[in-house]
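> Sending over a structure as structure tokens; questions will come in a sec.
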Amino acid sequence: MGQELGITVKKDKKPSEWYTQVVKKAGLAKYAEIKGCMIIKPYGMKIWESIKENFNNKIEETGVENAYFPLFIREDQLEKEEDIVEGFDPEVAWVTHGGEKELEDRIAVRPTSESVIAPYMSEEIRSHRDLPFRINQWSNVVRWEATDTRPFLRTREFLWQEGHTAHATEENADEETMLRLEQYQEVIEDHLAIPSVLGYKPEHDKFPGAKYTTTIETLMPDGKSIQSGTSHQLGQNFAEAFDITFEDEDSETQTAWTASWGLSTRTIGALILAHGDNDGLRLPPPVAPHQVVVVPIYQEENKQEVLEYAEEVSNKLEENGVRVEFDDRDHRTPGYKFNEWELKGVPLRVEVGPNEVEDDAVSTVRRDTGNKEMGVDRGEFVSKAEDILEDIQESMFGELEEYLQENIREANSKNEILSTIGKNRGYVRTRWCGKEECEAEIKDEVSAEIVVLPFREDSKPATIQENSEQISGECAICGDGAERRAYFAKNY
């Protein structure tokens, strides 16, 4: 493979440059002219559409309806919930002119849509019969990041879904919050083959205006954590600010409880980092645009025979529901094709040459392990292809699950936390008193913070009081009474 196509740096030596090369050379995205923005190319968009379809099916089965809301939000609407303004003000992009005319009131480009969806919910909800009310939109948002940007991981404009729901009781809102978090876990673990840790964000790191925020965290091979989805119980703050009320069964006016939840194209960044290797992407079969690529290998004298046989293999796989790419390009050598499809992360490659035609067989190469099997009976392979893909999925998840478990380390003092983070990758599990100042001490010294307060391991009830991993003992940092376990890590 030439320099133009191949990855020229090692993932563990220059991870940032490796990541950028994979994004560009695998055809996922490219930088746009506006700093901090990206163009998502068709191959990258197919991956996002797969994630989108998988999650969309889940939420539609639970009564969520999709809609679309404006990109622009009036400033007075945004200010109705002061916590949102305080939380997002540094990142809000503002429209101040329409053509050459200066606007009387500036308009916000949505950083999130509570302030435009909540008024809609207020108009639509009248009675307890309208509850639960569930709406979702797939859209773009803009957050004018001042920090270093990278495609998918951190961009000024990105794609996401944001769900918004209203409920009659606090318990119902709690259940909704946990349901969506668990659905995110299914997407991340079952579809993307990335193990996760579920829990809460610390009080000072929750969504602005929320009662509490739950998160799904995924550990990357460089030891940093990625927040791969969040679900927020918003209490009654937004409902009070935007007058989301309903008439209960006794004809009394009640204030609703609301929740919101979001998953973004950052999941593609996690997918790249979690599974990629020095040859490029490695895609889990459920999310791969092409699960199998069939590459014919021929000379001029046997070209037609090999092509017809290879196409027949492709057609049989498609009939069995496998997503197949038949690569019959004349202007590329088999070696070039092998390297290109490895770079693009196709889970399984099938090679067909004159020997395979003669033996009514195929040769296969797995992208996850590199293992090659030659002379596999064609009929047997076609009938077992889906089983092979399932095994690849399990293998990829198992590889990362083992890595996650090996990289959760205990620390019982501030010095242990600092030295563990300094020497090792991954999560540092420790006791924490709940004070932001204690987290800040660690953050100031090693640029690590609390990424998640893990749920209790024995159960997942639907309230923060029951669900937090309550403990006894002293805070590892200040020595005061500890409230719960906390996972420290560096993050994206």
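> What are the extents of the Cα atoms of the chain along their three principal axes, listed from largest to smallest and rounded to whole Å?
82, 55, 51
> Sticking with the crude label model, points 7 Å out along Cα→Cβ, report the distance from Asp330 to Glu170 in nm, one decimal please.
Distance between the two pseudo-spin positions: 7.3 nm.
> Next question, about the same structure. Would you mind pulling out the separation of the Cα centroids of the stretch 98-165 and the stretch 174-223, in Å?
20 Å
> OK, next. Ignoring ligands, DNA and RNA, what accessible area per residue does the chain give at 1.4 Å, in Å²?
I get 45 Å² per residue for the chain.
> With a 1.4 Å probe and all protein chains kept in place, how much accessible area does Tyr120 have, in Å² rounded to the nearest 10?
Approximately 70 Å² of Tyr120 is accessible to the 1.4 Å probe.
> Given the DSSP H assignment, sum -39500 (n - 2.57) over each helix run of at least 4 residues in the chain and divide by its residue total; what's the result at 222 nm in deg cm²/dmol, nearest 500?
Value at 222 nm, helices only, nearest 500: -11000 deg cm²/dmol.
> Over the chain, what is the mean sequence separation of C-alpha contacts under 8 Å (at least six apart), divided by residue count, expressed as relative contact order in percent? Present the calculation step by step, with values, prior to reporting the outcome.
Values: 996 pairs, mean separation 67.7, N = 492.
With pairs under 8 Å counted, the relative contact order is 14 percent.
> While we're here: Note the angle between two axes, namely the Cα long axis of helix 436-446 and the longest principal axis of the Cα atoms of the chain, as a number of degrees from 0 to 90, rounded to the nearest 10.
Taking the Cα atoms of the chain, the angle to 436-446 is about 40 degrees.
> Could you tell me how many degrees, from 0 to 90 and to the nearest 10, lie between the Cα long axis of helix 42-61 and the main elongation axis, the longest principal axis, of the Cα atoms of the chain?
50 degrees
> Shifting gears a bit: Listed here are the pairs Lys14/Lys344; Lys11/Lys344; Lys58/Lys80; Lys13/Lys224; which of them are more than 22 Å apart at the Cα?
Lys58/Lys80
> With all protein chains present, how much of the accessible area of the chain (probe radius 1.4 Å) comes from carbon and sulfur, to the nearest whole percent?
Numbers: 9290 of 22210 Å².
Solvent-exposed carbon and sulfur of the chain make up 42 percent of the total.
> Please give the contour-minus-distance gain from Gln304 to Ser127: 0.36 nm per residue of separation, less the Cα-Cα distance, rounded to one decimal in nm.
Working: separation 177, 0.36 × 177 = 63.72 nm, distance 6.93 nm.
Extra length from Gln304 to Ser127 when fully extended: 56.8 nm.
> For the stretch 244-257, just list the computed ³J(HN,Hα) in residue order, Karplus coefficients 6.51, -1.76 and 1.60, θ = phi - 60°, integers in Hz, with x standing in for Gly and Pro.
Couplings: 8, 10, 8, 8, 7, 5, 9, 6, 8, 7, 10, 8, 6, 9 Hz.
> How do Thr258, Thr369 stack up against each other in accessible area, from largest to smallest, with a 1.4 angstrom probe? Walk me through the numbers on the way to the answer.
Details: Thr258 5, Thr369 70 Å².
If we order Thr258, Thr369 from most to least accessible, we get Thr369, Thr258.
> Over the Cα atoms of the stretch 1-120, what radius of gyration and what Dmax do you get, in Å?
20.1, 58
> Additional query: Treating cross-link reach as a plain straight distance, find the lysines whose alpha-carbon is under 16 Å from the alpha-carbon of Lys206, omitting any fewer than eight places away in the same chain.
Lys435
The values are calculated or read from the model by the stated rules, or taken from the named source; none is laboratory data. Computed from a predicted structure; not experimentally measured. Cβ sites come from the backbone with ideal geometry, for glycine too, and all protein chains shown count toward neighbours. Note: areas computed on protein heavy atoms with side chains; ligands, DNA, RNA excluded. Shrake-Rupley method; radii C 1.70, N 1.55, O 1.52, S 1.80 Å.
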